[in-house]
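See below for the structure under consideration.
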């Protein structure tokens with residue numbers, strides 16, 4: 001079982017690895033079979049639920065999708081990262097929703113400030129992670145990100161959420 005402080009430390013380290021662009025370290029926070037889903041909002045102001053049948057802002061069914069995304073970011077093959085974007089994510093209101101011997105489900109609010117094209121944007125939302133705690137170190141098994149912004153002025157990427 002993980003303590004609240006251990007979960008908080010894990011989330012802070014994942015966010016810091018991302019903001020410092022230590023992409024290999026960041027990927028190591030994710031299980032091979034992670035599902036990464038950021039739904040869009042439907043016409044009824046409700047988030048979509050089925051990434052295979054409805055529009056999602058970001059969806060990767062496993063870590064290979066994240067690895068491909070990181071490859072494009074690192075090799076300047078990503079229009080979302082040219083010109084370079086500066087960003088920083090803050091985490092608050094962390095709650096351990098449930099915990100078993102081999103997993104922890106957490107929920108938290110986040111805010112990301114980005115600077116690109118001489119403009120600062122603020123993105124905010126809530127995330128739910130399921131952490132696999134069966135190994136030596138926790139791994140993110142499921143990442144659900146709900147963006148609460150009504151409008152996105154630029155291309156959105158994994159480092160902004």
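Based on what the data block shows, is residue 87 under 18 Å from residue 144 (Cα atoms), outside any loop (DSSP other than H, G, I, E, B), in contact with a strand residue (DSSP E or B) (Cβ under 6 Å, 6 or more places away or on another chain) and in contact (Cβ under 8 Å) with a residue 60 or more places away in the chain? No: the conditions fail for residue 87.
Condition first: modelled with pLDDT of 85 or more and not in a strand (DSSP E or B). Now tell me which residues in region 119-161 satisfy that.
In the first step, residues of region 119-161 are kept if they are modelled with pLDDT of 85 or more; the result is 120-149.
Once the filter is applied, which keeps residues that are modelled with pLDDT of 85 or more and not in a strand (DSSP E or B), region 119-161 yields 133, 134, 135, 136, 137, 138, 148, 149.
Determine, yes or no, whether residue 66 is touching a strand residue (DSSP E or B) at 6+ places or on another chain (Cβ under 7 Å) and surrounded by 14 or more Cβ atoms within 10 Å (Cβ to Cβ). So residue 66 passes the test. Picking from residues in region 1-29 that are surrounded by 20 or more Cβ atoms within 10 Å (Cβ to Cβ) and modelled with pLDDT of 95 or more, the one that is farthest from the chain's Cα centre (by Cα) is 7.
Filter region 112-134 down to residues that are loosely packed, with under 14 Cβ neighbours inside 10 Å and in contact with a strand residue (DSSP E or B) (Cβ under 9 Å, 6 or more places away or on another chain), then give me how many there are. Number satisfying all stated conditions: 4.
Each residue in region 90-118 was checked for being without any contact (Cβ under 8 Å) to a residue 12 or more places away in the chain and in a loop (DSSP other than H, G, I, E, B), and 2 pass. Output the number of residues of region 29-52 satisfying the condition of being assigned to a loop (DSSP other than H, G, I, E, B) and free of Cβ contacts under 8 Å to residues at least 24 places away in the same chain. So the count comes out to 11.
The values are calculated or read from the model by the stated rules, or taken from the named source; none is laboratory data. Since this is a predicted model, take the numbers as computed values, not measurements. Cβ: placed from backbone, ideal geometry, glycine included. Neighbour counts: every protein chain shown.
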